[in-house]
Amino acid sequence: MFRKRFYYFLKIQYLGYRLHGWQKQPDVKTVEGLITKTLRWVMPEAKYKILGTSRTDAMVSAEESAFELFLDHEPLEDLDDFLKDLNKNLPQDIRALSIEEVDEKFNIIQHSKTKEYAYLFSVGDKFHPFCAPFMANFQEDLDIERMREAAKLFQGRHNFKNYCVRVSEKSTFEREMLKSELVENTEYTANFFPKHSYIFHIHAAGFLRHQVRLMMGALVLVGRGELSLDDIRESLKPDSSQFQMDYIAPASGLILKKIEFE
């Protein structure tokens, strides 16, 4: 018997600190796993599957991410009611922001246009423990101005082979960074946050595995004086192999800010 399929596009946000990333895995809590479990509770008789747009790592948060829901046989009767029911049953660190019906031509992977990441961090004295889910803390004096200069060097089209791990040689290493800047944090505030904190903003159509955290790690090394601005320039050249970055910044400071779709 032929079953008609219905397609829905959902935007979500989550705090990743206790989670082991997006992708469903046995014996650990993941975003995909918790959403799938909740959908099974909300729609116990339904046949469905979901597909996420971005596989964030363990402890990485998302202010706006998305997934596609493929529902067989019966459509959702009321999208607003479904969204409310879903949020009522999701754990408190995951929230569904919106839902809309799409058609079979929509592809959540191929129609992703740009991704915006932010890396939130502080330097110097150890911060309040309540900050830990949101930002990284480097307990040292880093040269922030030099780090700002280095961040600007990533902007534009470069080869990022030195800024990824465990990828195929067939991967496309040349990527265009649409925005790359380090600024003082005025976006995220709390009474327990340190007086000064910073955000590394990075926007692109797509990223290699661990690319943003390796870029942030390189900025920290620049701040320490272990890498120069010329080293960063050299590391972005296609034939540069002596600058393979191996310092991955902690995951808890990374936030997927937004994904734009065509």
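Between 0 and 90 degrees, the angle of helix 79-89 with respect to the longest Cα principal axis of the chain falls at about 70 degrees.
When only DSSP loop residues count, what GluC sites (Glu not before Pro) in segment 122-212 have their Cβ near at most 16 other Cβ atoms within 10 Å? Please list the in-between numbers first.
Working: sites: GLU140, GLU145, GLU149, GLU169, GLU174, GLU176, GLU181, GLU184, GLU187; in loops: GLU140, GLU169, GLU187.
In loop regions of segment 122-212 (DSSP not H, G, I, E or B), the sparsely surrounded GluC sites (Glu not before Pro) are GLU140, GLU169, GLU187.
Could you work out what % of the accessible surface of the chain is carbon and sulfur, using a 1.4 angstrom probe and leaving DNA, RNA and ligands out of the count? Intermediate values should be presented prior to the final figure.
Working: 6500 of 14040 Å².
Looking at the chain in its full context, I get 46 percent from C and S.
The angle between the Cα long axis of helix 144-153 and the longest principal axis of the Cα atoms of the chain comes to about 70 degrees, rounded to the nearest 10. Note that segment 122-262 carries a Kirkwood radius of 15.7 Å, evaluated over its alpha carbons pair by pair.
A convex hull fitted to the Cα coordinates of segment 1-44 yields 118 cubic angstrom per residue.
How about segment 1-79: which GluC sites (Glu not before Pro) there lie in a loop by DSSP and see at most 15 other Cβ atoms within 10 Å?
Values: sites: GLU32, GLU45, GLU63, GLU64, GLU68, GLU77; in loops: GLU45, GLU77.
Within segment 1-79, the qualifying GluC sites (Glu not before Pro) (loop, at most 15 other Cβ atoms within 10 Å) are GLU45, GLU77.
With all pairs of different C-alpha atoms in the average, the Kirkwood value for the hydrodynamic radius of segment 54-149 is 17.4 Å. Directionally averaged projected area (segment 1-127, Cα convex hull): 9.7 nm². If you line up the long axis of helix 31-42 against the longest principal axis of the chain, both from Cα atoms, how many degrees apart are they, to the nearest 10? It is inclined by approximately 20 degrees.
Put the Cα centre of segment 188-255 next to the Cα centre of segment 35-65 and the gap is 29 Å. In percent, rounded to a whole number, the relative contact order of segment 1-150 is 29, using alpha-carbon pairs under 8 Å and six or more apart. Spin-label model, ARG166 to GLU187: label points 7 Å out along the Cα-to-beta-carbon direction sit 2.7 nm apart.
Plainly put, segment 181-262 has a radius of gyration that is 1.00 times its Kirkwood radius, both from alpha-carbon atoms, as the Rg/Rh ratio. Our Cα-only numbers for the chain put the radius of gyration and Dmax at 20.1, 67 Å.
Using a cutoff of 8 angstrom between alpha carbon atoms and counting only pairs six or more residues apart, the relative contact order for the chain works out to 24 percent. Of all beta bridges that DSSP places with both ends in the chain, some 90 percent have antiparallel geometry. Based on DSSP H segments of at least four residues, each scored -39500 (n - 2.57), the chain has a per-residue ellipticity at 222 nm of -6000 deg cm²/dmol.
The values are calculated or read from the model by the stated rules, or taken from the named source; none is laboratory data. Quick caveat, the model's predicted, so the values are computed rather than measured. Here the Cβ is made from the backbone with ideal geometry for all residues, glycine too, and neighbour counts use every protein chain on show. In case anyone asks, the SASA skips ligands and DNA or RNA and just uses the protein heavy atoms, side chains included. Shrake-Rupley method; radii C 1.70, N 1.55, O 1.52, S 1.80 Å.
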